[in-house]
Amino acid sequence: MVPSESRALILRELDEQHEILSQAAAPLQAEGQRLRPSKAGTLWVGGCGDSLFAAQALTRHFRALGWDMRAASAAEMLWDADIRAGDSVIGISISGSTRRTVEAMGRASACGANTLAITLNPDSALSQAARATLVLPFRPISRAIPHGLDYHMTLLALAAVAGEVPVAQIGDLFSTRTAPLLAEARSLAGNLGDAPRFVFLGAGAALGSANYGAAKLHEAGGVAAWSFEAENFCHGAQFMLGPQDHVILYGAAGPGDRRTAALRAGLCRIAGSVSECGLSEDGMGPLVAAFGSALHAQTLCLAVAERLDLDVSSPARGSSAADVQRDWFGWTSGGTADPRS
């Protein structure tokens, strides 16, 4: 695959995900209602990578609907979380084969928790480790590129488990914002240097969106990008900023957004440029803010990849990073219920 072909797949996702998500909304809403856990105990939600970031981004949404929801990585749920009988655990993995998430689900089931897998594969190891499975009703356009459609589908599935999904509002966001956001991102990318760096900031649930944004640039071609909780960024990390850097501010319709927005004037003095999403839109709740920030990150990812002529299907760019990652993923924790062992 040549670089331009890999980037064309991201553009295809941006063009088609509105229709794909719209078609998936009704079946996900029905399945979410059928499989919805009890609110009696703590609800643990997460996985690895984007699966964790989606849970973080929707924390405020779940809590607004009455859930005692904790976003947690698969490693935290496996080794450190105080999961008890009567709690509920949602483990997310598009492939259903993410080793640590499978192990965490096995441990949660052994603890007596009510476990729910969210995956594309109903016959996967994750499904086998859980007591119930919500199968994502779509076919990915490509899993070789930074995941955009997969992430939005995960957000939609989690929203369906949490409660009623505002399908029309989310649909309007995609139909009206995709093209303008991509135009803005391309304009921004045109003014970047040859070795740009990116910092994503957010407070509360918006930290999940910030984490997702940085991850997309890592996956696009090893682009230097970091994510921070907005307030914590002020305690030393600002010293790394320079005129080559771009800072992105994300909101989640929460009180912490005011602090994130208040950083902008100072950031403009030390960074090359600053952009934002979800900080000032009236009436935007935390769910729509999460979708909007993810869409912003996806358009920025494509624009930066175009500007730097990156092959987004090969983020290692000739290094051994991909091989090392496979070695890391092969490690088994030991002493933990793993249905594949």
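The values are calculated or read from the model by the stated rules, or taken from the named source; none is laboratory data. Keep in mind it's a predicted model, so treat the numbers as computed, not measured. Glycine gets a Cβ as well: all are built from the backbone with ideal geometry, and neighbour counts include every protein chain shown. Accessible surface areas use protein heavy atoms only, side chains included; no ligands, DNA or RNA. Shrake-Rupley method; radii C 1.70, N 1.55, O 1.52, S 1.80 Å.
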Query raised in the report: For L126, are the conditions met, namely being farther than 24 Å from S88 by Cβ, surrounded by 17 or more Cβ atoms within 10 Å (Cβ to Cβ) and touching a Ser or Thr at 6+ places or on another chain (Cβ under 7 Å)?
Result: no
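Working only within the stretch 221-241, note down all residues that are at pLDDT below 95 and open to solvent by less than 10 Å² (accessible area, probe 1.4 Å).
G221, the sole residue that qualifies.
Among the residues of the stretch 206-218, is any touching a Cys at 6+ places or on another chain (Cβ under 9 Å), of a type in the set (A, V, I, L, M, F, W, C) and surrounded by 14 or more Cβ atoms within 10 Å (Cβ to Cβ)? Working first, answer last.
Filtering the stretch 206-218 for residues touching a Cys at 6+ places or on another chain (Cβ under 9 Å) gives 209, 213, 216-217.
From what is left, the residues that are of a type in the set (A, V, I, L, M, F, W, C) are 217.
This time we only want the ones that are surrounded by 14 or more Cβ atoms within 10 Å (Cβ to Cβ), so: 217.
Yes, the stretch 206-218 has at least one match.
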Query raised in the report: If you check V161, V135, which single one turns out to be over 25 Å from L217 (Cα atoms) and open to solvent by 10 Å² or more (accessible area, probe 1.4 Å)?
Result: V135
Report task. Could you grab the pairs with beta carbons closer than 7 Å, sequence gap of 6+ or different chains, first residue in the stretch 133-147 and farther than 20 Å from Q23 by Cα, second one hydroxyl-bearing (S, T, Y) and open to solvent by less than 20 Å² (accessible area, probe 1.4 Å)? Result -> I145/S6
Report task. Look at the stretch 33-77 and say how many of its residues are assigned to a helix (DSSP H, G or I) and either open to solvent by less than 10 Å² (accessible area, probe 1.4 Å) or farther than 19 Å from S93 by Cα (or both). Result -> 12
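Could you tell me whether D150 is among the acidic types (D, E) and either more than 16 Å from G96 (Cα to Cα) or open to solvent by less than 10 Å² (accessible area, probe 1.4 Å) (or both)?
yes
Can you tell me which of A185, A205, A168 is closer than 22 Å to L65 by Cα and at pLDDT 95 or above?
Details: A185 fails: closer than 22 Å to L65 by Cα; A168 fails: at pLDDT 95 or above.
Answer to the selection: A205.
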Report summary line: Residue count, the stretch 164-194, condition hydroxyl-bearing (S, T, Y) and either in a loop (DSSP other than H, G, I, E, B) or surrounded by 13 or more Cβ atoms within 10 Å (Cβ to Cβ) (or both), comes to 1
